[in-house]
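The values are calculated or read from the model by the stated rules, or taken from the named source; none is laboratory data. What you see is a predicted model, and the numbers here were worked out from it, not measured in a lab. Reconstructed Cβ throughout: ideal geometry from the backbone, glycine too, with neighbour counts over all protein chains shown.
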Amino acid sequence: MAAEPKIQLDVVTPQKLVYSEEVDLIEAPAIDGLIGILPNHAPLVTAMKIGVVRIVKGGEELQLAISEGFMEVQPNQINLVVRTAELPEEIDIDRAQAAQARAEEKLEKDQENIDFARAEAAYDRAKARLKAAGHSDHSYDRL
């Protein structure tokens, strides 16, 4: 019996190679919505937004928090190049919760005195980190 096909996933930031494994599939937050990639996928390049990449390998699931970047897909290779990427064990839960609280506070204040896009991005990054670490409250599940 032939082995199930795999696809090589490399997640790269400007600082380091964060993840490099052959996987069964990924789901990732592309700019136009959630996208699923399986082995032998058609070639594709897409922009990525802040969120969580779900990686499935051998029946195990891993969630990786990412910020914006892009993804290049070839039939047997996925290159995910993002500004930041964090594995669950690298995430400081207390720090992410504090960042989320600060961003929520800024978003609730007078809209004229804040950079709304920056505060919203900070909020989205914190939520993605918490979700990837398994500490999401699911009250805001747009990631």
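General observations
- Residue match in the stretch 31-39 (condition: of a type in the set (Asp, Glu), exposed (fewer than 12 other Cβ atoms within 10 Å of the Cβ) and over 17 Å from Val82 (Cβ atoms)): no
- Residues that are under 18 Å from Ala128 (Cα atoms) and either among the acidic types (Asp, Glu) or in a strand (DSSP E or B) (or both) within the stretch 72-86 comprise Leu80, Val81, Val82, Ala85, Glu86, listed in sequence order.
- The stretch 3-16, residues that are assigned to a strand (DSSP E or B) and surrounded by fewer than 16 Cβ atoms within 10 Å (Cβ to Cβ): Gln8, Asp10
- All positions within the stretch 17-49 that are part of a loop (DSSP other than H, G, I, E, B), more than 18 Å from Arg125 (Cβ to Cβ) and under 16 Å from the mean Cα position of the chain (by Cα): Asp32
- The lone exception for Ile50 - which of (1) of a type outside the set (Ser, Thr, Tyr); (2) touching a helix residue (DSSP H, G or I) at 6+ places or on another chain (Cβ under 8 Å); (3) surrounded by 18 or more Cβ atoms within 10 Å (Cβ to Cβ); (4) closer than 30 Å to Ala3 by Cα it fails: (4)
- Residue tally, condition part of a helix (DSSP H, G or I), surrounded by fewer than 20 Cβ atoms within 10 Å (Cβ to Cβ) and modelled with pLDDT of 65 or more, over the stretch 112-143: 7
- Scanning the stretch 50-68 for residues that are in a loop (DSSP other than H, G, I, E, B) and of a type in the set (A, V, I, L, M) turns up just one, Ile50.
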